[in-house]
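Asks: Take this structure, written in structure tokens, and hold onto it; I'll ask about it next.
The values are calculated or read from the model by the stated rules, or taken from the named source; none is laboratory data. These numbers were taken from a predicted model, which means no experiment stands behind them. Positions of Cβ are generated from backbone atoms using ideal geometry, with glycine treated the same way; all protein chains shown enter the neighbour counts. Accessible surface is based on the protein model in full, side chains and every heavy atom, while ligands, DNA and RNA are left aside. Shrake-Rupley method; radii C 1.70, N 1.55, O 1.52, S 1.80 Å.
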Amino acid sequence: MKKKALITFTALTCIMAILLSTTGASALEVSWSIGVPYEYGFKESFYNELFYTLKDGSVETKINEMSSQFTFIVNITAIDNVTQRLDYDLISIPSINYNTGIAYSMASYLSAVPSPAAFLSTFLQWDFLHNETVLAGFDVMLYSRFFLEPNWTVFNDHYKSLLNTSSILDSFVNPYNGSKIEAITLGELLAASNSYSIMGVENDLEAAKAKLTPTNRGFSFSIDLAGTLKYNYFNGTDILFIPAFKALFSSSFQYSAEGVLEFFRYSFEFGINYPEVSQLSSQDYHYQLGGIPSESSSLPSLFVVPAALATILLIVVVRKEKKKV
């Protein structure tokens with residue numbers, strides 16, 4: 001199977017915060033308090049089903065299904081209004097405890113999202129059999145932090161500027177013509193999709209931009225690329241690109257007026273039929289301020305809590321390596 005298709009249970013969960021130190025020229029005063037605990041619920045589910053066609057024509061099915069859920073607390077221990085950084089403890093229930101720090105300025109956050117390519121991980125390849133460019137990899141990975149300077153006018157102006165149809169998401173040099181660049185723009189991606197939704201608005205980019213007013217405190221993006229997204233397969237003679245029959249990607253986040261993360265969500269549904277094996281996968285996970293109604297977990301808590309909490313703690317930008325799939 002291809003690396004892109006075999007998505008692991010925890011590989012996509014480390015997307016919460018970005019450690020950058022740039023400060024804003026006109027910082028807003030924040031109202032967060034040291035020592036006040038912010039309780040979050042975390043919930044994740046993953047499903048993967050493989051259908052193998054055997055030599056006798058029969059089909060063997062293998063299913064991998066997992067879920068996890070726990071509560072963790074973010075407790076601010078220090079705030080520096082000059083450097084616009086804060087320190088906090090990340091405490092799980094029952095007993096995992098980490099201390100870390102982040103820059104909370106709006107300028108540092110937005111510098112990590114300079115273009116739509118920063119959250120729309122897009123990968124093009126050349127189909128030598130048909131001499132054409134193929135969308136061979138995609139994901140939606142929005143960025144958020146637990147705490148963010150509440151300059152919502154700047155936030156919305158920036159995200160509105162990102163929704164530029166001419167923005168290039170990925171490109172490469174044509175293998176037969178070194179002076180020609182093969183590329184895909186945001187506008188071309190949206191046009192090639194079956195449907196998309198931005199800020200809760202279906203298939204209308206200008207109406208989505210109109211939602212980005214100074215009172216807005218979040219962002220959402222979802223897209224259906226079934227039939228457009230393709231993965232390569234070597235049949236012994238040629239490399240074929242097989243379209244996914246299901247390719248839904250979605251991510252969203254929302255802040256309080258004070259700049260406290262209220263929720264972050266991510267999900268995908270993916271399905272593809274190779275000649276000998278078919279795959280159907282889905283994943284959904286989110287963080288929610290105030291917790292999530294408790295459900296039993298299918299994994300032992302001693303395994304789930306350290307692993308998932310550790311990925312939340314990875315204060316890094318998740319940038320997909322553009323490898324062949």
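Asks: Out of LYS43, LYS62, I need the residue that is over 30 Å from ILE198 (Cβ atoms) and either of a type in the set (Ser, Thr, Tyr) or in contact with a strand residue (DSSP E or B) (Cβ under 7 Å, 6 or more places away or on another chain) (or both). Which one?
Replies: On inspection, the qualifying residue turns out to be LYS62.
Asks: Here's a follow-up. Would you tally the residues in the range 122-145 being farther than 30 Å from ARG217 by Cα, of a type in the set (D, E, K, R) and touching a residue at least 12 places away in the same chain (Cβ under 8 Å)?
Replies: Qualifying residue count, the range 122-145: 1.
Asks: Is at least one residue of the range 68-79 assigned to a strand (DSSP E or B), within 20 Å of the chain's Cα centre (by Cα) and surrounded by 15 or more Cβ atoms within 10 Å (Cβ to Cβ)?
Replies: Yes, that holds for at least one residue.
Asks: Next question, about the same structure. From TYR274, TYR196, grab the single residue that is touching a residue at least 24 places away in the same chain (Cβ under 8 Å), closer than 27 Å to VAL59 by Cα and hydroxyl-bearing (Ser, Thr, Tyr).
Replies: TYR274
Asks: Within the range 80-90, take every residue that is assigned to a strand (DSSP E or B) and of a type outside the set (Ser, Thr, Tyr) and give me the one that is farthest from the chain's Cα centre (by Cα).
Replies: This residue is ASP80.
Asks: Report whether or not PHE46 is in contact (Cβ under 8 Å) with a residue 40 or more places away in the chain and over 19 Å from TYR266 (Cα atoms).
Replies: Taking the combined requirement at face value, the residue does not satisfy it.
Asks: Would you mind stating whether ILE63 is surrounded by 15 or more Cβ atoms within 10 Å (Cβ to Cβ), within 28 Å of the chain's Cα centre (by Cα) and part of a strand (DSSP E or B)?
Replies: Taking the combined requirement at face value, the residue does not satisfy it.
Asks: State whether one or more residues within the range 288-307 are at pLDDT 90 or above and of a type outside the set (S, T, N, Q).
Replies: Yes, because at least one residue in the range 288-307 is at pLDDT 90 or above and of a type outside the set (S, T, N, Q).
Asks: Return yes when ASN48 is part of a strand (DSSP E or B) and loosely packed, with under 15 Cβ neighbours inside 10 Å and no when it is not.
Replies: Taking the combined requirement at face value, the residue does not satisfy it.
Asks: I'm told LEU261 meets every condition in (1) farther than 23 Å from ASN216 by Cα; (2) open to solvent by less than 50 Å² (accessible area, probe 1.4 Å); (3) of a type in the set (A, V, I, L, M, F, W, C); (4) at pLDDT 50 or above except one. Can you identify the failing condition by its number?
Replies: (1)
Asks: Further question: State yes or no: is THR133 in contact with a Leu (Cβ under 6 Å, 6 or more places away or on another chain), among the hydroxyl-bearing types (Ser, Thr, Tyr) and open to solvent by 10 Å² or more (accessible area, probe 1.4 Å)?
Replies: Yes; evaluated as a whole, the condition is true for this residue.
Asks: Answer yes or no as to whether ASP56 is open to solvent by 20 Å² or more (accessible area, probe 1.4 Å), modelled with pLDDT under 95 and closer than 30 Å to ASN232 by Cα.
Replies: Against the criterion (open to solvent by 20 Å² or more (accessible area, probe 1.4 Å), modelled with pLDDT under 95 and closer than 30 Å to ASN232 by Cα), ASP56 qualifies.
Asks: If you don't mind, there's one more thing I want to ask. Would you pick out the residues in the range 224-252 that are among the polar types (S, T, N, Q) and farther than 18 Å from GLU188 by Cα?
Replies: Scanning the range 224-252 gives ASN232, ASN235, THR237, SER250, SER251, SER252.
Asks: Here's another thing I want to ask about it. Cβ-Cβ under 7 Å, sequence separation 6+ or interchain: first residue in the range 160-174 and closer than 19 Å to LEU212 by Cα, partner small (Gly, Ala, Ser) and in a loop (DSSP other than H, G, I, E, B). Which pairs?
Replies: Sorted first by the residue in the range 160-174, then by its partner, the pairs are LEU162/SER115; SER167/SER115.
Asks: Next question, about the same structure. Of everything in the range 205-222, what is within 19 Å of the chain's Cα centre (by Cα) and either within 17 Å of VAL134 (Cα to Cα) or of a type in the set (Lys, Arg) (or both)? Give them in sequence order.
Replies: Matches in the range 205-222: ARG217 only.
Asks: Kindly provide the set of residues from the range 213-258 that are open to solvent by 50 Å² or more (accessible area, probe 1.4 Å) and of a type in the set (A, V, I, L, M, F, W, C), ordered by number.
Replies: PHE234, ILE239, LEU240, PHE245, LEU248, ALA257, listed by residue number.
Asks: Here's something else I'd like to know. For the range 107-122, check the following and say yes or no: at least one residue is part of a strand (DSSP E or B) and open to solvent by 10 Å² or more (accessible area, probe 1.4 Å).
Replies: So far as the range 107-122 goes, yes, one or more of its residues are part of a strand (DSSP E or B) and open to solvent by 10 Å² or more (accessible area, probe 1.4 Å).
Asks: Next question. Regarding the range 77-86, can at least one residue be identified that is closer than 23 Å to ARG265 by Cα and of a type in the set (Val, Ile, Thr)?
Replies: no
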